[in-house]
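Beneath this line is the structure, given in C-alpha cells, with notes to follow.
Any read-out appearing in this document is the output of simple, stated calculations on the displayed coordinates, not a laboratory observation. Quick caveat: nothing in here was measured; it's all calculated off a predicted structure. Here the Cβ positions follow ideal geometry from the backbone for every residue, glycine too, while neighbour counts run over all protein chains shown.
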Amino acid sequence: MPSTPVGKKRWWVGLAEEIFWCEITDRPDIGTDLHCPQADERGSPYWSYALIREIWSADIVFHYSTVTKAIVGASVADAPLEERPISWVPHGTVGRAKSADRKQRPGWWLPLYNYTPNESPLTLRDLQAPTEQAWIKEWAKVRRKADGLALPFTDVPRQD
C-alpha cells in the first residue's frame, strides 16, 4: 500500500471499500488517463499531485468537468503508474499567465480504461443543494476523528 506522507492523515486508510477518486479537469479526452507533474512550479512536492500515487489498479475515478461543472463519467484505474515527462499548465491565474513558456518536467501518468459517461451528469449545483450539503457535512463530521484529517473535498463557499 502506498505510504502516507508524514504528518498527513487520510480518511480512507484501513477502509478497503474506499476505492473512489475524482479527477477535476477541463480536458477534452476525459477518461483516457490521469497525469500530473511530480512537483509544483518551484520544484516542491504538492499534495494534490502526489495523490495519484495512492490510486490502485481497479479503483474507480469519477471525472468532474470544469467546462460543464458536473461529474460527467467514471473510469477504472489501471496499472502501473509511470514516470513520464510532462508539459503542464497550472489552472490558477498565475500559472495560466506563465503558460506560454512551458518546459517539460518530471510527471506521473496512470492509464484508465472502461470510461462510462453519466447519462445524467451530477452537477455542482446538485451537490450544493441543502439536502446534499447536510449529508456531506455529517459524513465529514463522523470522519474527523483526529486533527489534520485529510478529507476528499473542501467546504468552500458556493460558486455558480
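Pop the C-beta distance of K103 and S48 into the FRET formula with R0 = 30 Å and round what comes out to the nearest 0.05. Mind showing how you got there, number by number?
Working: r = 21 Å, r/R0 = 0.69.
Rounded to the nearest 0.05, the efficiency is 0.90.
Order these by the 10 Å Cβ neighbour count, fewest first: T116, T25.
Details: T116 11, T25 17.
The order, fewest Cβ neighbours first, is T116, T25.
Please report L124, L110 as a ranked list, fewest other C-beta atoms within 10 angstrom at the top and most at the bottom.
L124, L110
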